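Worksheet for the structure shown next.
The values are calculated or read from the model by the stated rules, or taken from the named source; none is laboratory data. Predicted, not measured: the structure shown is a model, and the values here were computed from it. Cβ placement follows ideal geometry from the backbone for every residue including glycine, while neighbour counts extend to all protein chains displayed. Accessible surface is based on the protein model in full, side chains and every heavy atom, while ligands, DNA and RNA are left aside. Shrake-Rupley method; radii C 1.70, N 1.55, O 1.52, S 1.80 Å.
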2 protein chains.
Amino acid sequence: MTRKSFGVIKPEIRVLGVDDGVFIPHVESLVLLVGVVFRGGYWLDGVMHTEILVDGFDAADKISSMVMASPHYEQLRVIMLNGITFAGFNVVDIKALNAATGLPVVAVTREKPDLQLIHRALKHLSRSEERWKAVLNAGEIAEVSTRNESEKIYLHAAGISLVDAEKIVRLTSTRSNIPEALRVAHLVASGISDL
Amino acid sequence: MTRKSFGVIKPEIRVLGVDDGVFIPHVESLVLLVGVVFRGGYWLDGVMHTEILVDGFDAADKISSMVMASPHYEQLRVIMLNGITFAGFNVVDIKALNAATGLPVVAVTREKPDLQLIHRALKHLSRSEERWKAVLNAGEIAEVSTRNESEKIYLHAAGISLVDAEKIVRLTSTRSNIPEALRVAHLVASGISDL
């Protein structure tokens with residue numbers, strides 16, 4: 001894995017925030033997955049979308065196809081994910097997504113992931129060892145504060161050091177304690193999808 | 001029609017921007033219509049959606065149902081539309097939309113609407129007189145410049161004076177020469193819809 005080195009991070013760094021829409025758990029169906037391109041923490045520059053299967057295995061592939069087909073691809077510097085699981089337990093192997101796209105991947109969560117709980121939940125699903133491997137591939141976790149010292153968020157990173165990931169996450173968390181691209185990806189994905 | 005009077009306009013005034021997704025002209029189908037809630041020209045606060053028929057008559061009703069069912073309804077002060085026609089010639093009667101929602105409606109276009117051209121195009125469609133009446137109900141047009149003195153945009157307004165409409169449009173055009181809510185509604189609607 002090559003690690004991109006970031007020196008000074010430009011305030012207008014182009015980042016993609018990815019989140020999924022609403023869906024009924026455990027019911028086989030396609031779920032909207034939205035990517036929003038932000039210039040740093042301020043301006044929305046573009047929106048893209050794809051669909052993934054509830055509890056499926058296609059999240060990483062679908063995200064990488066969506067990103068690489070986008071006219072924004074050349075400008076993007078980082079992919080940010082709202083956690084490493086979408087549409088239930090469709091786990092994104094962030095190392096694989098980094099390798100496929102050539103872009104650093106940072107997964108952000110508001111709660112500290114409970115690996116034991118995830119491991120237990122996965123046992124009820126098909127190919128649980130494959131899913132668990134993708135979870136473990138997320139690697140080390142960093143506890144970070146952004147706008148508010150007392151509220152912590154949690155990062156996994158691939159293709160970028162946790163120190164650089166933290167810098168970018170802090171810089172782009174302009175409106176809440178998570179990066180604006182992820183806040184807006186959540187609002188768009190949940191506002192557009194139907195149950 | 002009651003006209004809302006705006007004194008000093010707060011920079012965080014909640015506005016809704018509405019735009020439609022991509023579609024194949026003249027082919028009967030449903031088109032995504034997206035509403036984005038902005039605080040003034042800066043922060044996205046929410047996203048809502050509905051669907052309307054290509055060349056149909058349901059745009060005003062669908063927008064008013066979408067807005068009034070939204071948890072943001074009580075906070076909204078203005079509805080902004082990207083023009084008065086959506087999904088082809090599904091014309092929004094802005095006076096009717098104002099009456100149904102109780103909210104001022106401002107339609108913004110980058111090009112000056114050519115009424116003669118619209119009149120002629122409508123003649124190829126069913127119930128053309130009804131559509132034409134909705135166009136005429138948009139009333140007077142104002143030519144306005146926002147961020148750039150040399151680029152003009154055009155406004156129709158219902159339930160608000162053109163002077164107040166212009167103030168709100170200027171205040172919220174932070175990133176381009178149209179209000180940020182409309183710029184983002186366009187990016188979301190076109191980024192999410194498929195052909």
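Assorted remarks:
- Residue tally, condition of a type in the set (Asp, Glu) and free of Cβ contacts under 8 Å to residues at least 24 places away in the same chain, over segment B:51-102: 2
- Taking the criterion of being closer than 24 Å to A:LEU187 by Cβ and touching a Pro at 6+ places or on another chain (Cβ under 8 Å), the residues of segment B:1-38 that qualify are B:VAL15, B:GLY17, B:PHE38.
- Residues (under 20 Å from B:GLY56 (Cα atoms) and in a helix (DSSP H, G or I)) located in segment B:95-109: B:LYS95, B:ALA96, B:LEU97, B:ASN98, B:ALA100
- Condition met for B:ARG127 (in contact (Cβ under 8 Å) with a residue 60 or more places away in the chain and within 22 Å of B:GLY21 (Cα to Cα)): no
- Looking only at residues in segment A:59-75 that are open to solvent by less than 40 Å² (accessible area, probe 1.4 Å) and within 14 Å of the chain's Cα centre (by Cα), the one that is farthest from the other protein chains (Cβ to nearest Cβ) is A:ALA60.
- Scanning segment B:145-164 for residues that are surrounded by 17 or more Cβ atoms within 10 Å (Cβ to Cβ) and touching a residue at least 60 places away in the same chain (Cβ under 8 Å) yields B:HIS156, B:ALA157, B:ALA158, B:GLY159, B:ILE160, B:ASP164.
- The one condition in (1) over 20 Å from A:SER176 (Cβ atoms); (2) under 13 Å from the mean Cα position of the chain (by Cα); (3) open to solvent by less than 40 Å² (accessible area, probe 1.4 Å) that A:LYS95 fails to fulfil: (3)
- Scoring A:MET48 on the criteria (1) touching a residue at least 12 places away in the same chain (Cβ under 8 Å); (2) surrounded by fewer than 20 Cβ atoms within 10 Å (Cβ to Cβ) leaves a single failure, condition (2).
- Residue in segment B:1-47 that is farthest from the other protein chains (Cβ to nearest Cβ), counting only those that are charged (D, E, K, R) and touching a Lys or Arg at 6+ places or on another chain (Cβ under 7 Å): B:ARG14
- Between B:ALA107, B:ALA134, the distinction of being in contact with a Leu (Cβ under 8 Å, 6 or more places away or on another chain) and at pLDDT 95 or above belongs to B:ALA107 only.
- Assessment of segment A:97-112 against the conditions (within 14 Å of chain B (Cβ to nearest Cβ), among the charged types (D, E, K, R) and farther than 30 Å from A:GLY7 by Cβ) yields no matching residue.
Results for (1) assigned to a loop (DSSP other than H, G, I, E, B); (2) closer than 29 Å to A:ARG175 by Cβ; (3) open to solvent by less than 70 Å² (accessible area, probe 1.4 Å), shown as yes or no for each residue.
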site: A:PRO11; (1), (2), (3): yes, yes, no
site: A:VAL15; (1), (2), (3): no, yes, yes
site: A:VAL18; (1), (2), (3): no, yes, yes
site: A:VAL34; (1), (2), (3): no, yes, yes
site: A:VAL37; (1), (2), (3): no, yes, yes
site: A:PHE57; (1), (2), (3): yes, no, no
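- Tally, over segment B:1-31, of residues that are of a type outside the set (Ser, Thr, Tyr), under 19 Å from B:SER193 (Cα atoms) and over 14 Å from the mean Cα position of the chain (by Cα): 9
- Residues that are within 13 Å of another protein chain (Cβ to nearest Cβ) and buried (at least 24 other Cβ atoms within 10 Å of the Cβ) within segment A:165-182 comprise A:GLU180, A:ALA181, A:LEU182, listed in sequence order.
- There is at least one residue in segment A:145-155 that is over 15 Å from the mean Cα position of the chain (by Cα) and within 14 Å of chain B (Cβ to nearest Cβ).
- In segment B:76-92, the residues that are open to solvent by less than 10 Å² (accessible area, probe 1.4 Å) and not in a loop (DSSP other than H, G, I, E, B): B:VAL78, B:ILE79, B:MET80, B:LEU81, B:PHE86, B:ASN90
Here is a yes/no grid of residues against (1) touching a residue at least 24 places away in the same chain (Cβ under 8 Å); (2) over 20 Å from B:LYS167 (Cβ atoms); (3) open to solvent by 10 Å² or more (accessible area, probe 1.4 Å):
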position: B:PRO104; (1), (2), (3): yes, no, no
position: B:ALA107; (1), (2), (3): yes, no, no
position: B:LEU122; (1), (2), (3): yes, yes, no
position: B:GLU140; (1), (2), (3): no, no, yes
position: B:GLU143; (1), (2), (3): yes, no, yes
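- Screening the candidates A:SER64, A:SER70 for the property of being touching a Ser or Thr at 6+ places or on another chain (Cβ under 8 Å) and either hydroxyl-bearing (Ser, Thr, Tyr) or on the phi > 0 side of the Ramachandran plot (or both) yields one hit, A:SER64.
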